[in-house]
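> Please see the structure below; I have some questions.
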Amino acid sequence: MKTTIFDNPASRLHAVPPGHPEHVGRYEAARNALLALPGCDWVEAGPAGMPDLARFHTAAHVDRVLSACAQADDGEWVALDPDTLVCSHSAAAALGAVGGAVAAVDRVIDDNGGAAFVLARPPGHHAEPDRAMGFCLFNAIAVAAVHALEVHDLATVAIVDIDVHHGNGTQRLAERNPHVFFASLHQTPLYPGTGGEGETGLGGNVLNCPMPDGVTGSQWRARFESEVIPALKRARPELVFVSAGFDGHADDPVGGWGLRSNDFAWAARQLAGIARDFSGSRLVSVLEGGYDCPALGRSAAAFVGALSEA
Ligand SMILES: [Zn+2]
């Protein structure tokens, strides 16, 4: 698939306190690894605007995040929750991530197909309509999914979340929008504690696949193949979104799974196949977690490289 990387250099502006796992080195590691891939287009999109954010977030939430950033003095942080802190420039980074995801949707639709990867931080899949949490300020993939439905008149989109954590914020979207199918494979027990198998959304438009600590690549692939792929075929999405978190990697200090970069490449090929069969070969992926920088770089490159070769 023709593959475009939507780079968000404003990712560098979101500073975090020393020792925080979601630091700028993640962006640089992923970026350097992706720059080595042949054949990908690189684009810098502009920041999202208020009408974009309003497709998922409340005005009060947006105001809270922007006000917290405005209140942060140079070199200081304002905490939105115990592990979600902002500096004065964090809003620029988060708005750039959302803007990249929205532009990625426009690109794969305007081009009648193609894959996109949004290279940005902070991540977004924990951010709920009215709440920042789990390092996430704005939910880029949720905003982009509604953008695809409302602006491009798509009937159904799917969001597959492969981050080791449950995408609670994105699930909130599916729980109120029957045109969104959401599937998540995630470790349990683990932050944020949501994502049980009994959470099935609106008539089954949510599929949660919680799996225990220590899951291997072959176990993960088996669950993906037996549950997520058939559900995607039933959903028949017109665009496939992927919350591409790589913290299920064996080297990751946050997650407890044993995935390797070739497992993420395998997932990319599976999802590209769904996109080819149902979605006009349209796939938009957004970077979420991944906290061991070398593993993050290798995993992101394996994932995007597999998309470009699919
Ligand atoms: Zn994660």
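> Among DSSP beta bridges lying fully in the chain, give the percent that are antiparallel, nearest 5. Walk me through the numbers before you get to the answer.
On the way: 5 of 41 bridges.
Of all bridge pairs located within the chain, approximately 10 percent are antiparallel.
> Semi-axes of the stretch 3-309's equivalent ellipsoid from the Cα gyration tensor, sqrt of 5 times each eigenvalue, largest first, rounded to whole Å? List each step's numbers first, then the result.
Values: eigenvalues 129, 89, 79 Å².
The answer is 25, 21, 20 Å, longest axis first.
> Still on this structure, please answer the following. Note the per residue figure in Å³ for the convex hull of the C-alpha positions in the stretch 131-198. Can you show the working numbers first?
Details: hull volume 6.1 nm³, N = 68.
Per residue, the Cα convex hull of the stretch 131-198 comes to 89 Å³.
> Can you tell which of L239, L202, L185 lies farthest toward the positive end of the dipole of the stretch 175-241, using +1 and -1 charges on the Cβ of basic and acidic side chains (Lys, Arg; Asp, Glu)?
The one lying farthest along the dipole's positive direction is L239.
> Can you list the residues, at least 5 places off or on another chain, whose amide H is less than 5 Å from the amide H of F182, using H built in the peptide plane?
Under 5 Å from the amide H of F182: I159, V206, L207.
> Under unit Cβ charges (Lys, Arg +1; Asp, Glu -1), what dipole magnitude, rounded to 20 debye, does the chain have relative to its Cα centre? Intermediate values should be presented prior to the final figure.
Values: 21 positive and 36 negative charges, 145 e Å.
Computed charge dipole of the chain: roughly 700 debye.
> Compare P122, P18, P253 in a GNM of the chain, Cα atoms joined below 10 Å, and give the one with the largest fluctuation.
Its mean-square fluctuation being the largest, the pick is P18.
> Is the shape of the stretch 1-122 best called rounded, prolate or oblate, per the rule: a/c under 1.5 gives rounded, else a/b larger than b/c gives prolate, else oblate, with a ≥ b ≥ c the square roots of the Cα gyration tensor eigenvalues? Intermediate results must be reported in sequence, preceding the final value.
Values: a/c = 2.94, a/b = 1.44, b/c = 2.04.
Oblate, since a/c reaches 1.5 and b/c is not below a/b.
> Just to check I understand the Karplus step: with θ = phi - 60° and J = 6.51 cos²θ - 1.76 cosθ + 1.60, what whole-Hz values come out for the stretch 290-307, glycine and proline as x?
Rounded to whole hertz, the list is x, 10, 9, 4, x, 5, 4, x, 5, 5, 4, 5, 5, 5, 5, x, 5, 4.
> Something else about it: Report the gain in length on full extension from N262 to D130: 0.36 nm times residue separation, minus Cα-Cα distance, nm rounded to one decimal.
Details: separation 132, 0.36 × 132 = 47.52 nm, distance 3.62 nm.
Answer, rounded to one decimal: 43.9 nm.
> Per residue of the stretch 55-71, what does 6.51 cos²θ - 1.76 cosθ + 1.60 with θ = phi - 60° give for ³J(HN,Hα)? Whole Hz please, x for Gly and Pro, Karplus curve as stated.
5, 10, 9, 6, 4, 5, 5, 4, 4, 4, 5, 5, 5, 4, 5, 5, 7
> With a 10 Å cut-off between alpha carbons and a GNM built on the chain, which of F264, F241, F278 moves the most?
F278
> Here is a follow-up. Stokes-Einstein at 4 °C, 1.567 mPa s, Kirkwood radius from Cα pairs: D for the stretch 25-69 in µm² s⁻¹? Could you put the intermediate results ahead of the total?
Numbers: Rh = 13.5 Å.
The Stokes-Einstein estimate is 96 µm²/s.
> Right, here's the next one. In what order do F246, F224 fall by count of nearby beta-carbon atoms within 10 Å, going from fewest to most? Spell out each step's value before the answer.
Details: F246 31, F224 20.
Ascending number of Cβ neighbours within 10 Å: F224, F246.
> Please work out whether the stretch 195-275 counts as rounded, prolate or oblate from its C-alpha gyration tensor, where a ≥ b ≥ c are the square roots of the eigenvalues and a/c under 1.5 means rounded, while otherwise a/b larger than b/c means prolate and anything else oblate? Mind showing how you got there, number by number?
On the way: a/c = 2.05, a/b = 1.37, b/c = 1.50.
Oblate, because a/c is 1.5 or more while a/b does not exceed b/c.
> Continuing with this model, one more query. What ranking do L283, L119 get, fewest neighbouring Cβ atoms within 10 angstrom at the top?
Values: L283 30, L119 23.
With the sparsest Cβ surroundings first, the list reads L119, L283.
> Can you give me the long-range amide H partners of A120? Hydrogens built in the peptide plane at 1.01 Å from N, cutoff under 5 Å, separation of 5 or more residues or another chain.
HN-HN under 5 Å from A120: L287.
> Sticking with this structure for a sec: Once Lys and Arg get +1 and Asp and Glu get -1 on their Cβ, which of S90, L35, V62 lies farthest toward the positive end of the dipole of the chain?
The Cα lying farthest towards the positive end belongs to L35.
> Turning to a different aspect of this structure: Given the options A72, A250, A101, state which has the largest fluctuation in a GNM of the chain using a 10 Å cut-off (strictly under) for Cα springs.
Residue with maximal mean-square fluctuation among A72, A250, A101: A72.
> I've got another one for you. ³J(HN,Hα) across the stretch 148-162 via Karplus (A = 6.51, B = -1.76, C = 1.60, θ = phi - 60°), whole Hz, x for Gly/Pro?
Values, residue by residue: 4, 6, 7, 8, 9, 6, 6, 8, 8, 10, 10, 10, 10, 10, 9 Hz.
> Here's another thing I want to ask about it. Rank-order 293-299, 148-154 by packing density, defined as the average count of other C-beta atoms within 10 Å over each peptide's residues, highest first.
Details: 293-299: 21.3, 148-154: 17.1.
Highest-to-lowest ranking by the protection proxy: 293-299, 148-154.
> In whole angstrom, how far apart do the alpha carbon centroids of the stretch 140-215 and the stretch 110-137 sit?
Using only Cα atoms to place each centre, the spacing works out to 13 Å.
> Next question, about the same structure. If amide hydrogens are placed 1.01 Å from N in the peptide plane, which non-local residues have theirs closer than 5 Å to the one on T3?
Counting only residues 5 or more places away or on other chains, the set is D41, A115.
> I would also like to ask the following. May I ask which residue of A272, A250, S285 lies farthest towards the positive end of the charge dipole of the stretch 244-285, with charges of +1 (Lys, Arg) and -1 (Asp, Glu) on Cβ and the Cα centre as origin?
Going by the Cα projections, it comes out as A272.
> Can you sort L271, L95 by how many other beta carbons sit within 10 Å, fewest first? Present the calculation step by step, with values, prior to reporting the outcome.
Values: L271 29, L95 25.
Ranking L271, L95 by Cβ neighbours within 10 Å, fewest first, gives L95, L271.
> Just want to confirm a number: the relative contact order over the chain, from Cα pairs under 8 angstrom separated by 6+ residues, in percent.
Values: 762 pairs, mean separation 64.8, N = 310.
Taking the mean separation of contacting Cα pairs over the length of the chain, I get 21 percent.
> So if I place +1 on the C-beta of Lys and Arg and -1 on the C-beta of Asp and Glu, and nothing else carries charge, what would the dipole magnitude of the stretch 91-135 be about its Cα centre? I want it in debye, nearest 20.
Values: 3 positive and 5 negative charges, 41 e Å.
Around 200 debye, computed over the stretch 91-135.
Readers should treat all values here as calculations from the given coordinates under stated rules, not as data from a laboratory. Nothing here was measured: the structure is a model prediction, and the numbers come from that model. Positions of Cβ are backbone-derived with ideal geometry, glycine not excepted, and every protein chain shown enters the neighbour counts.
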